[in-house]
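Below is one structure; the comments refer to it alone.
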Amino acid sequence: QVQLVEAGGGLVQPGGSLRLSCVASGSIFRVYAMGWYRQAPGKQRELVAGITAGGSTNYPDSVKGRFTISRDDAKNSVYLQMNSLKPEDTAAYYCNANYKNLAYWGQGTQVTVSS
């Protein structure tokens with residue numbers, strides 16, 4: 001079992017930056033692939049950044065070059081640095097841990113990009 005707690009969301013102006021963090025507890029963090037997803041009202045949840053246990057990363061085109069995912073296995077943590085934020089980045093952001101057929105989700109943190 002893995003518990004995930006996100007933090008770092010908030011209100012930011014277009015062009016601004018935010019850094020989300022996710023702390024995991026309850027299992028061997030380093031074996032998990034980690035991801036950040038987002039869900040805007042009326043839309044499906046979508047992946048915005050993923051990082052494997054080995055540190056390989058992937059991003060959709062919509063955030064590539066603006067978002068950076070990283071992990072610190074010593075701190076059981078994964079981070080999402082978001083730069084050049086746009087109003088369309090507004091959503092609830094969720095941390096995900098995945099290992100074989102096991103998947104866990106955090107409770108989400110709201111990011112609102114507005115002037």
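The values are calculated or read from the model by the stated rules, or taken from the named source; none is laboratory data. Since the model is a prediction, treat every value here as computed from it, not as a measurement. Glycine gets a Cβ as well: all are built from the backbone with ideal geometry, and neighbour counts include every protein chain shown. Just so you know, the surface numbers come from the protein's heavy atoms only, side chains and all, with ligands and any DNA or RNA stripped out. Shrake-Rupley method; radii C 1.70, N 1.55, O 1.52, S 1.80 Å.
For the range 74-83, state whether one or more residues are in a loop (DSSP other than H, G, I, E, B), in contact with a helix residue (DSSP H, G or I) (Cβ under 8 Å, 6 or more places away or on another chain) and open to solvent by less than 20 Å² (accessible area, probe 1.4 Å). No, every residue in the range 74-83 fails to be in a loop (DSSP other than H, G, I, E, B), in contact with a helix residue (DSSP H, G or I) (Cβ under 8 Å, 6 or more places away or on another chain) and open to solvent by less than 20 Å² (accessible area, probe 1.4 Å). Would you say Ala91 is among the hydrophobic types (A, V, I, L, M, F, W, C), free of Cβ contacts under 8 Å to residues at least 12 places away in the same chain and either open to solvent by less than 60 Å² (accessible area, probe 1.4 Å) or more than 18 Å from Gln1 (Cα to Cα) (or both)? Spelling it out, it is not the case that Ala91 is among the hydrophobic types (A, V, I, L, M, F, W, C), free of Cβ contacts under 8 Å to residues at least 12 places away in the same chain and either open to solvent by less than 60 Å² (accessible area, probe 1.4 Å) or more than 18 Å from Gln1 (Cα to Cα) (or both).
Pull up the range 18-50, narrow it to residues that are polar (S, T, N, Q) and in contact with a strand residue (DSSP E or B) (Cβ under 6 Å, 6 or more places away or on another chain), then point me to the one that is surrounded by the most Cβ atoms within 10 Å (Cβ to Cβ).
Ser21
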